[in-house]
Amino acid sequence: MMDEKAREEVRAALVEAIGEGKVMWRPADLAPYTKDTYRIRFEDDFKFFPDFVVLPETTADVQGIVRIASARKIPLIPKGGGSSRTGMLVPIHGGIVVDTIKMTKVLEVSIPNLYVTCQPGITLKELDEKLKERGVSLNQEQGSLKIATVGGSISTSGFSRKHQKYGAISDRVMSLEVVLADGRVLRTGPKVLYTSTGYRLSQLFIGAEGTLGIITEATLRVEPIPEAKDAVLAFYEDFWAANEAAQKTMGSGVTFTGGEAFGVESAEEYGGPREKKAIFYLGLEGTRGEVEAELAFVTELVKATGGVLAPNDAARKFMERYTIQWCGARVATGFEDPLTTYVPMERIAEFYDKLYNEIMPKYDTGPLPGEKYSLDFGRYRMAAGRYFIPKGEQGWEKYQMMLREIAQLATGLGGSISSCHGVGIEHRDNLELEYSEVALDAMRSIKEAFDPDNIMNPGKKLPEKKRA
Ligand SMILES: Cc1cc2nc3c(=O)[nH]c(=O)nc-3n(C[C@H](O)[C@H](O)[C@H](O)COP(=O)(O)OP(=O)(O)OC[C@H]3O[C@@H](n4cnc5c(N)ncnc54)[C@H](O)[C@@H]3O)c2cc1C
């Protein structure tokens, strides 16, 4: 934290560089920037204040801010929509939060080359609405699409509900402009999807959590809006029967946008029979002929696996609500936490069995009603669910021990701790379970090369080096 004299000097420098209206320093203005949607310890609420929040509009503004911070070794925390679930935005060392809320311009839409270039602070929803006016789409329907920004999604390596057909944001990035920790502007490469020339610099910033630089412009691949869309919604006996159908769908080679199998208390709330306790959903998009053929194929697959099909109009209605439903229903309450573990398809049963029968009972907790099993399947796969954060005496310590055991389980099964919510501070000290010390050292070397003074979002993502 800065003393008063240094603070005033930095405030004056920031105001001179970008203008008074874009610099905030009063405690009431800083309070909303003390955390993100990660449940920090109750006693730490409003403990970590940034020294300043700045609202740049241009790359030149960001450069001005970074030069001031770089000269004085002040931490910088880039911010998008603030929907991080792992504490990436908590200013644990104070510093300057660079809120990109005013960087929302769409700079170029190239229809022949199928790309968009935009500033990082535009939300995924707003960008897609603008793209749809031009007949194309980014197809990055995250549950948080109303608030998540392009910069935040790239920096977290976001996961779309249509990942099977269109990939995740990491598959969309063609080129980035980034302000580095010393204030230089880096262009990662030409605006092309494939090249076999330089190192793939863009990829370094995917999932970097603001620890390597501040993205000020992104060029992303878009796709033409498909001629037809349809969906399959079916009800199964239980999650395991729906999971079986998901496995068969994956093995059939049918091209779907995204799919999900999840357990419910009763399928009645989805228009299904009361006694069925699982939902199977699949989205389809393409030319009319493709979609008709795929719909017929999946319909047969559902019947063959014992599923009860919902009427087609109910399936389509579900498709329209699918992404939004996630966002609305799953807002953080502070008492629950989501699982976003990547688990190999054939080990899902083992994962849930150990999680609910061995790990959670030890910490006197368990899943939220109706949220026990959920598999987002396709090119990427996420075993999801929500559970109550352990309460009572030493609740926080229990929570940390439980997170470590879940991390051990996921990595032990050959999966990953976090399929789309990144690392932040929540998973930082468990990263050693997923990566060897050699791999972590390689990551530290990259960090050191880009940010030798460790001013870019310090204390996030990478665990401290182990001392001999
Ligand atoms: C209800 C809910 C549903 C969710 N559903 C999904 C989902 O379906 N899929 C998914 O992937 N995630 C999901 N998330 C998690 C979260 O929304 C994503 O991680 C999202 O992509 C973060 O975007 P943001 O703009 O809010 O980023 P922020 O939370 O503001 O920031 C995230 C990280 O990116 C860095 N950052 C932000 N902007 C920049 C920039 N311009 N340059 C460099 N670094 C930057 C920040 O420093 C931080 O480390 C969900 C979260 C919630 C609360």
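Beta bridges from DSSP with both residues in the chain: antiparallel share about 85 percent, rounded to the nearest 5.
Relative to the longest principal axis of the Cα atoms of the chain, helix 288-304 runs at roughly 60 degrees.
In straight-distance terms, cross-link reach from K22 covers every one of the lysines whose alpha-carbon lies under 18 Å from its own, apart from those fewer than eight places away in the same chain; here that gives K79, K102, K105.
Panel note: the C-alpha atoms of the chain, placed on their principal axes, show extents of 72, 59, 42 Å (largest first). Between E336 and A293, the distance separating the two model label sites (each 7 Å from Cα on the Cα→Cβ line) works out to 4.1 nm.
Here's the picture: a label point sits 7 Å out from the Cα of R379 along the beta-carbon direction, and within the range 196-226 the residues with their amide nitrogen under 13 Å of it are 221-223. Residues in the range 76-84 carry Karplus couplings, in order, of 10, 10, x, 9, x, x, x, 8, 3 Hz; the curve used is 6.51 cos²θ - 1.76 cosθ + 1.60 with θ = phi - 60°, and Gly or Pro positions show x.
Structural descriptor for the chain: relative contact order 15 percent, calculated from alpha carbon pairs under 8 angstrom and at least 6 residues apart. Tell me, Kirkwood radius of the range 106-224 from alpha-carbon pair distances, in Å? Evaluated on the range 106-224, it is 14.1 Å.
In percent, how large is the relative contact order of the range 106-224, given Cα pairs closer than 8 Å and 6 or more residues apart? Across the range 106-224, relative contact order equals 32 percent. The label-point distance for Q203 and D182, in a model that sets each label 7 Å from Cα toward Cβ, rounds to 2.5 nm. Relative to the current alpha-carbon distance between K248 and I446, full extension at 0.36 nm per residue lengthens the span by 67.2 nm. Over the range 228-329, accessible surface divided per residue gives 44 Å², non-protein components excluded, 1.4 Å probe.
Can you tell me how the range 228-329 classifies by the Cα gyration tensor, rounded, prolate or oblate, using a/c under 1.5 as the rounded cut? Judged from the Cα gyration tensor, the range 228-329 comes out oblate (a/c at least 1.5, b/c at or above a/b).
Calculated FRET efficiency, E237 to E393, Cβ-Cβ distance, R0 = 30 Å: about 0.15 to the nearest 0.05. Multiplying the residue separation of V106 and R321 by 0.36 nm and subtracting their alpha-carbon distance yields 74.8 nm. Remark: the Q400-E9 segment gains 136.8 nm on full extension, using 0.36 nm per residue and subtracting the alpha carbon distance.
To the nearest ten degrees, helix 437-450 and the longest principal axis of the Cα atoms of the chain are 50 degrees apart.
Please label the shape of the range 1-112 as rounded, prolate or oblate, based on the square roots a ≥ b ≥ c of the eigenvalues of the alpha-carbon gyration tensor (a/c under 1.5 means rounded; beyond that, a/b larger than b/c means prolate, else oblate). Oblate is the answer for the range 1-112, as a/c is 1.5 or above yet b/c matches or exceeds a/b.
The values are calculated or read from the model by the stated rules, or taken from the named source; none is laboratory data. All values derive from a computational prediction rather than experimental measurement. Reconstructed Cβ throughout: ideal geometry from the backbone, glycine too, with neighbour counts over all protein chains shown. Calculation scope for accessible area: heavy atoms of the full protein, side chains included, ligands and nucleic acids excluded. Shrake-Rupley method; radii C 1.70, N 1.55, O 1.52, S 1.80 Å.
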